[in-house]
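All remarks here apply to the structure that follows.
Taken together, the values in this text are just the output of simple stated rules run on the coordinates, not laboratory data. What you see is a predicted model, and the numbers here were worked out from it, not measured in a lab. Cβ: placed from backbone, ideal geometry, glycine included. Neighbour counts: every protein chain shown.
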Amino acid sequence: MRHSPLRNSQTRYVGRLAPSPTGLLHLGHATTFWTAFERAQAAGGKLLLRIEDLDTQRSRPHFTAAILEDLAWLGIAWQLPVIYQSQRLEFYRNALEQLLRAGLVYPCHCSRKDLASMMHAPHEAAGDVDDERVYPGICRPPLDLSQPATLFQAGVNYRFRVSIPKHTAIHFEDRNLGPQRFVPGVDFGDFLVWRKDDLPSYQLACVVDDAETGITEVVRGQDLLKSTARQILLQRALRLSSPDYFHTRLITDENGVRLAKRHDALAVRTLREQGSSAAKVKEQGIERSCRPV
Ligand code: GLU
């Protein structure tokens, strides 16, 4: 570990677990959540549990129940109450309004299908599994976006994208993986902050919640490094300070393929049913995360 998890003697460590209830927890989640738990404990801090249940198509209450049970079985403890993003919509709407007032977002009429036919698949370097393509800027207004926004009408279902400042690199020091650098306009484009179904994107909801619940360090998988860069941009746009980041290495299956929720064989539940102990699951996660990705 490079640094002590404490930021400074005044700030008490607050971490979070942020699972999406769209499937069962697998070995990769277990390892990330163990790391988050251990870091919060080592710092004498708190660990919140936030259920990221904004994806109404894929979130299921039985996955939430399974996640809570699996986390408890793993021996991970968190502070109550559990936070549900689906109950926090007013916070996200306020943030969207703030971005609109600052002229930093614009409505986008491109459908996912339009974009898929127009854009190439994202460049995937080793370990880079980001799935949001670089938006080609079709709806980006050529106007000066510092004008007060007149676009927002409550209840109108628009997608909104943030207008990124292109080519100014985002740098951050990851507490596990070291210095990171991403270039807006190259590594990612104008990304969505609001969806057509009148819900915030993952990026916006995450930034708002991390700030509003006083998170001092985010522990998450390496697959979210580019999202961290996007979120740092959003924090700047919303005048929020950034937490520290600790990205855990990806876990792969026996063929070197990154674990996904479809890897049922490595679901915590399956390993448990096969007689593994929580300690054994942890050991297996550590062993697999050492493989090169
Ligand atoms: N909910 C996200 C996931 O399960 C993680 C979000 C985060 O750690 O910021 O992939």
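Taking 16 Å as the cut-off, the amide N atoms of segment 63-105 that come nearer than this to a point 7 Å along the Cα-to-beta-carbon line of R269 belong to 63-74. Approximating the spin labels as points 7 Å out from Cα along Cα→Cβ, the F91-to-R140 distance works out to 3.0 nm. At q = 0.29 Å⁻¹, what log₁₀ I(q)/I(0) does a Debye calculation on the Cα points of segment 179-241 give, no solvent, two decimals? Debye curve over Cα of segment 179-241, log10 I(q)/I(0) at q = 0.29 Å⁻¹: -1.44. Name the trypsin sites (Lys or Arg not before Pro) in segment 186-224 that are in a loop by DSSP and that have at most 16 other C-beta atoms within 10 Å, would you? Hits after loop and neighbour filter: K196. Computed from the C-beta positions of A42 and R239 and an R0 of 41 Å, the FRET efficiency is 0.85 to the nearest 0.05.
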